[in-house]
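K.L.:
This is the structure I have questions about; it appears just below.
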Amino acid sequence: NAVSLDSAVGEDGESTLESFLGREDKGFEQMERSQLLNWLLEKLAPQERELLELRYVHQLGQRETAGRLGVSQMQVSRLERRILGRLQTLATAGSV
């Protein structure tokens, strides 16, 4: 027999059948994204990881990043573009 999700259940008569059903847990999506990010970062060389950390974690500009890495601003720009393109390709292939 079909029963409405709004049907009262339990001894208190206030609980509904719906209150016992599972709900979507946003934590799983966050965990999956975190695992994908860690997997992607493992594919990078240490200098590449450092560049991304300086740019996106510490939010340094390309000039400041270049100074810390001992390269030119143009090299940072090129490396960053290449790294992000590679990560995008890997993420697309890894999330299928």
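K.L.:
Of the conditions (1) exposed (fewer than 13 other Cβ atoms within 10 Å of the Cβ); (2) touching a helix residue (DSSP H, G or I) at 6+ places or on another chain (Cβ under 9 Å); (3) modelled with pLDDT of 85 or more, Ser77 clears all except one; give me its number.
P.N.:
(1)
K.L.:
Could you check segment 13-49 and list, in sequence order, the residues that are aliphatic (A, V, I, L, M), under 23 Å from Leu79 (Cα atoms) and surrounded by 10 or more Cβ atoms within 10 Å (Cβ to Cβ)?
P.N.:
Of everything in segment 13-49, those that are aliphatic (A, V, I, L, M), under 23 Å from Leu79 (Cα atoms) and surrounded by 10 or more Cβ atoms within 10 Å (Cβ to Cβ) turn out to be Leu36, Leu37, Leu40, Leu41, Leu44.
K.L.:
Next question, about the same structure. Scan (1) surrounded by 12 or more Cβ atoms within 10 Å (Cβ to Cβ); (2) part of a helix (DSSP H, G or I) for the single condition Leu60 breaks and write down its number.
P.N.:
(2)
K.L.:
With the checklist (1) over 28 Å from Gly85 (Cα atoms); (2) in a loop (DSSP other than H, G, I, E, B) in hand, flag the one item Glu18 doesn't pass.
P.N.:
With respect to (1) over 28 Å from Gly85 (Cα atoms); (2) in a loop (DSSP other than H, G, I, E, B), Glu18 is out only on (2).
K.L.:
Let me ask you something else. Please name all residue pairs, on different chains or six or more residues apart, with Cβ atoms under 6 Å, provided the first residue is in segment 36-53 and is on the phi > 0 side of the Ramachandran plot and the second residue is at pLDDT 95 or above and open to solvent by 50 Å² or more (accessible area, probe 1.4 Å).
P.N.:
Correct list of pairs: empty, since none qualify.
The values are calculated or read from the model by the stated rules, or taken from the named source; none is laboratory data. What you see is a predicted model, and the numbers here were worked out from it, not measured in a lab. No Cβ is skipped: glycine too gets one built from the backbone with ideal geometry, and neighbour counts run over all protein chains shown. The area values use the complete protein model at the heavy-atom level, side chains included, leaving out ligands, DNA and RNA. Shrake-Rupley method; radii C 1.70, N 1.55, O 1.52, S 1.80 Å.
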